[in-house]
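Just so you know, all these numbers are worked out from the coordinates, no wet-lab data involved. It should be emphasised that the depicted structure is a prediction, and the values quoted were computed from it without experimental measurement. Positions of Cβ are generated from backbone atoms using ideal geometry, with glycine treated the same way; all protein chains shown enter the neighbour counts.
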Amino acid sequence: MSTTPELTADAALQDALAEKTIGFAHLLRAQGFTVGLRESQDALAVAECFLCRNFEDFRCGLRSLLCLSVEQFARFDALFEAYWQPQDGAGRIRRPKRIQMPAAARHGHALLQTVGLSEEPTEEGDTEALSGASGLEALRRVDFSQVPVTWEEPLARLAARLWQRMRLRKPSRRAGAHHKRRPHFRRILRRSLATGGEPLELILAGHRPRRPRLVLLLDVSGSMEVYSLFFLRFAHALQRRFRRVHAFLFSTHLEDVTADLAVRDVQGALSRLSRRRMGWNSGTRIGESLGHLVRNHGPRVLRADTVLVILSDGLDVGPPEQLAGALREARLRAGRIVWLNPLLGIEGYAPIAQGMQAALPLIDVFAPAHNLDSLLASERHLVV
Amino acid sequence: MAEFDSLDALEEGFRTHGYIAERDLLTPLFLLTRLGRPLLLEGHAGVGKTETAKVLAQLLDTDLIRLQCYEGLDANSTLYEWNYQKQLLAIRLHEGREAPGDALEKHIFSREFLLERPLLRAISAERAPAVLLIDEVDRADEEFEAFLLELLSDFQITIPEIGTVRAVHRPLVVLTSNRVRELSDALKRRCLYHWIDYPSFEKELEIVRAKAAGITERLAHQVVRVVQALRGLQLEKPPGVAETLDWAIALLALGRTGLDEDLLESTKGCLLKTTADFDLLRAQLSSLMDAAEAN
């Protein structure tokens with residue numbers, strides 16, 4: 001790394017600039033950018049190259065070093081602007097305070113509390129005891145919207161345990177043989193005839209099996225949010241079983257929450273998700289949101305080996321043709337479309353809502369998702 | 001390591017090779033030669049991601065080694081393979097003689113029988129650091145990405161029969177991606193990142209002038225205005241710079257000096273690639289012509 005002649009002039013100035021550059025790296029880290037030690041060091045090298053020559057180049061250089069995607073560019077530019085050219089005290093950036101976890105999160109039922117479902121926990125003993133086999137059965141059958149406060153924690157624990165056991169794989173006669181592809185002896189022999197019986201070409205049998213991808217489109221409007229957030233828990237537990245999980249929330253507009261879901265610990269992920277507070281309780285625009293998903297994220301997330309899961313009650317405020325059109329587009333891209341409708345769990349429910357009527361001929365699977373048992377049963381739908 | 005004295009020198013070099021680049025693309029390229037980090041280029045199709053690496057190699061007067069990724073690409077076909085047929089032949093030739101045993105084995109597992117694939121070639125380049133272009137890395141599987149991650153941090157490859165091959169010169173690595181799939185953060189983190197956007201009106205005009213020599217000033221303006229207006233519409237596949245150039249050159253070949261509705265309609269295939277986009281163009285024909293004539 002060569003030092004630029006301009007910089008050697010003043011060692012003190014150089015130190016100050018280095019310090020300021022490192023400070024900027026720290027600021028970005030605090031703002032959620034991926035900045036490690038190596039990035040900080042390289043940021044110094046960038047500063048050496050450009051800082052005293054061309055400020056614009058310096059900005060571009062740091063941006064290419066510290067951003068991971070084009071979506072971060074705008075935030076980077078704003079932070080850069082504020083840090084390096086503060087107009088006044090108000091424009092200056094302060095480090096964010098450490099984010100406080102809500103007290104409820106530490107007690108293991110952040111999910112229902114953060115969505116405002118549960119009041120203060122009632123005294124223990126006023127619900128039936130949850131012990132023994134019948135207790136577990138009850139847990140598995142209870143509708144998510146009817147869970148008593150004291151059941152929440154055991155339910156979450158049970159769910160986590162059961163989900164770990166799910167296999168999510170097509171039954172295969174050659175199960176276990178997946179890791180190594182075997183030589184296809186019959187074809188090798190046949191091919192060797194051409195070379196006088198000398199097997200020159202190695203032919204392997206079968207395709208390498210792939211884990212499918214999962215794309216979730218979850219309704220968080222009004223009555224649906226409880227189910228959706230529970231399903232997110234489910235999705236979080238299943239992440240390792242899929243090649244990739246993308247999650248989108250929608251009510252009146254669409255929001256990509258893939259990054260939030262990727263947080264390792266489930267409570268952390270859920271509290272980040274519930275902090276988003278996007279248009280809860282407002283009407284649902286399924287068709288529009290799905291269309292947006294297919295058009296803007298489709299090429300990236302929807303492929304032939306993708307399972308698209310839509311969790312919604314199908315009560316769309318938009319025109320049903322719009323939903324049908326979007327579903328038709330989605331069918332072209334995704335391998336399979338699964339519609340989970342919690343209302344199916346209600347006895348006597350028939351999908352007569354206009355949106356649902358329009359959607360039914362276009363989806364592959366229509367299944368309930370109102371309690372733990374139904375979620376576990378949805379396992380077999382989640383393979384392509 | 002190959003270096004440029006300054007960004008301006010790099011800019012000048014790109015210009016003389018006929019690549020008119022925005023300044024914010026040159027900065028990461030410059031850092032690529034300085035910091036030795038790989039550079040990940042993302043952007044819409046046809047904005048010149050691959051071309052960037054080619055010009056860089058020309059400019060540094062070094063080899064361009066290109067690895068085109070596709071689904072199912074695995075480590076073996078990118079590193080090395082043993083020349084199985086040649087090995088068998090060698091064994092056959094030795095058959096009648098005194099049993100050579102170990103010597104034969106050493107012989108058939110020597111470099112002579114090794115087929116070098118792009119990644120090994122890039123690492124073992126002796127003259128100067130090569131430019132390694134890993135094109136459309138998003139098409140490869142995640143397994144391959146993980147393998148690449150390892151390679152890009154160590155720049156060494158172990159061949160069990162021969163030993164470890166270390167890079168004499170670290171190659172300058174350029175990765176491109178069309179965002180068919182999101183790349184892992186770990187890989188992105190290793191890399192400098194740049195998003196190549198569609199060029200501004202002035203830049204694109206400059207590109208057209210440089211690449212479609214002999215085009216009239218009026219036609220060049222019209223071409224670029226129409227293309228830029230098209231990108232504003234909700235097209236399925238918006239035209240990239242490559243399409244602009246194709247179109248400009250096609251118009252030149254037809255001997256035209258100005259644009260009209262019929263001409264735009266009949267040469268639309270240069271710009272648009274789907275029938276839905278054709279329909280949209282037809283609907284917007286007159287407003288596009290207005291845009292072309294605007295000042």
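Numbers for the structure displayed
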quantity: Given A:Lys20/B:Lys49; B:Lys211/B:Lys268; B:Lys188/B:Lys273; B:Lys54/B:Lys86, the pairs whose alpha carbons are separated by over 25 Å; calculated: A:Lys20/B:Lys49; B:Lys188/B:Lys273; B:Lys54/B:Lys86
quantity: Kirkwood-based Rg to Rh ratio, region B:1-60, C-alpha trace; calculated: 0.92
quantity: Cβ-based exposure ranking for A:Tyr83, A:Tyr349, in which fewest neighbours within 10 Å come first; calculated: A:Tyr349, A:Tyr83
quantity: Ranked packing of A:192-202, B:163-173, most packed first, by mean Cβ within 10 Å; calculated: B:163-173, A:192-202
quantity: Prolate/oblate/rounded label for chain B (Cα gyration tensor, a/c 1.5); calculated: prolate
quantity: For A:68-81, mean number of other protein chain Cβ atoms within 10 Å; calculated: 2
quantity: MRE, 222 nm, helices only [DSSP H, n ≥ 4, -39500 (n - 2.57), over chain B, to nearest 500]; calculated: -14500 deg cm²/dmol
quantity: Residue-averaged beta-carbon neighbours from other chains (10 angstrom radius) around A:44-54; calculated: 3
quantity: Relative contact order (percent, whole number), region B:21-171, Cα cutoff 8 Å, 6+ residue spacing; calculated: 29 percent
quantity: Overall dimensions of region B:1-105 as given by Cα atoms, namely Rg and Dmax in Å; calculated: 22.2, 67
quantity: Phi to ³J(HN,Hα) by Karplus 6.51 cos²θ - 1.76 cosθ + 1.60 over region A:345-358, Hz, x for Gly, Pro; calculated: x, 7, 5, x, 6, 10, x, 9, 4, 4, x, 4, 4, 5
quantity: Packing-based exposure ordering (other Cβ within 10 Å, fewest first) of B:Tyr80, A:Tyr227; calculated: B:Tyr80, A:Tyr227
quantity: Surrounding net charge for B:Val180, when Lys and Arg each add one and Asp and Glu each subtract one, Cβ distance under 10 Å; calculated: +1
quantity: Neighbour net charge for A:Asn341 - beta-carbon separation under 11 angstrom, K R +1, D E -1; calculated: -2
